[in-house]
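Okay, so here's the structure we're looking at.
Each reported figure results from applying straightforward, stated rules to the coordinates on display, with no laboratory input. None of the values given here were measured: they were computed from a predicted structure. Cβ atoms come from the backbone with ideal geometry, glycine included; neighbour counts cover every protein chain shown.
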Amino acid sequence: MKLREIIKLSAIILNLDDVLNGTKIYDETYDITNEQNVIKNGTVEERTLNLLMRCFNLVYSEIATDYFPLICQEKITVQNGNYKLSDLENRLYKLVKIEDEDYKEPKFKIYDNVLYVKNGTYTIVYSFVPTKCSLNSEVNNFNGKIVDRIFAYGINKEYCFISGLYEEAESYRLKFEDCIKLCKSNQKNLTLYKRRWI
């Protein structure tokens, strides 16, 4: 799903007329690529879309770091006994596992975003912070766990906090967290039943 559709749902729930009565949310060619320019020179509609986009990116990172980690695997080559973790394809949040070519876990240390380990080729498994999305970005739905409504509740809680609507923010926070808890409990309670023919 595209972020544009999630923001549209969020704007409907919040009843944001400047977005819903505007043209930008419906124009698939429009995107926000320069946030600073929108903040300085944008219309009310563009600034509101930009704020909703920022709120989404906060929630996106929150889900990936606090609830449902995004995990990937990558091969790296270590020379001179160290490897800059900023050179990974994704922004590292937490290292899950490191293995050498014989599937053995080496001794290693991490300081200041640098991995110190003996020279060689390794496979590392790590959780990462998702890249920021713009309106036309495809959003990772965490393997189908997070639907657009949950993202919208998250956006709304951030938007309301920023706008000083604290009661509404608290209401959306509770809805968001209840949905996340339900997703986590459903994940644990999945059971596969075999069909028996009589």
Check: What residue among SER61, SER163, SER171 has the largest mean-square fluctuation in a Gaussian network model of the chain, using Cα springs under 10 Å?
Finding: SER163
Item checked: Using a Förster distance of 41 Å, the FRET efficiency for ASN37-ASP87 (Cβ separation, nearest 0.05) -> 0.85
Check: Calculated from DSSP H runs of 4 or more alone, at -39500 (n - 2.57) each and per residue, what is the 222 nm mean residue ellipticity of the chain, nearest 500?
Finding: -13000 deg cm²/dmol
Next item on the list: Name the longest site-free stretch of the chain, where the excluded sites are trypsin sites (Lys or Arg not before Pro) in a DSSP loop with no more than 16 other beta-carbon atoms within 10 Å.
Entry: 1-103
Check: Does anyone have the angle between helix 3-14 and the longest principal axis of the chain? Alpha-carbon axes, 0 to 90°, nearest 10?
Finding: 50 degrees
Item checked: Cα point-scatterer Debye curve for the stretch 18-113, base-10 log of I(q)/I(0) at q = 0.10, 0.15, 0.19, 0.24 Å⁻¹ -> -0.50, -0.78, -0.97, -1.26
Check: Past the 29 Å Cα-Cα mark, which pairs from LYS107/LYS184; LYS132/LYS175; LYS8/LYS94; LYS104/LYS184; LYS94/LYS157?
Finding: LYS107/LYS184; LYS8/LYS94; LYS104/LYS184
Notebook entry, point to check: Can you give the FRET efficiency for GLU99 and GLU5, using 1/(1 + (r/R0)^6), R0 = 35 Å, r = Cβ-Cβ distance, to the nearest 0.05?
Noted result: 0.35
Margin query: On C-alpha positions alone, give me the angle between the axis of helix 148-162 and the longest principal axis of the chain, in degrees, nearest 10.
Written below: 70 degrees
Notebook entry, point to check: Which ³J(HN,Hα) values in Hz, rounded to whole numbers, follow from the phi angles of the stretch 67-82 under the Karplus curve 6.51 cos²θ - 1.76 cosθ + 1.60, where θ = phi - 60° and Gly and Pro get x?
Noted result: 10, 10, x, 8, 10, 9, 10, 8, 8, 10, 10, 9, 10, 6, x, 8
Next item on the list: Return one number: the angle in degrees, 0 to 90 and rounded to the nearest 10, between the long axis of the Cα atoms of helix 166-188 and the longest principal axis of the Cα atoms of the chain.
Entry: 40 degrees
Margin query: Which GluC sites (Glu not before Pro) in the stretch 34-118 sit in a loop by DSSP (not H, G, I, E or B) and have at most 13 other Cβ atoms within 10 Å of their own Cβ?
Written below: GLU89, GLU101
Item checked: Rg in Å to one decimal, and Dmax rounded to a whole Å, for the chain via C-alpha atoms -> 21.0, 71
Check: Using a Gaussian network model of the chain with C-alpha springs under 10 Å, which one of PRO69, PRO106, PRO130 is most mobile by mean-square fluctuation?
Finding: PRO106
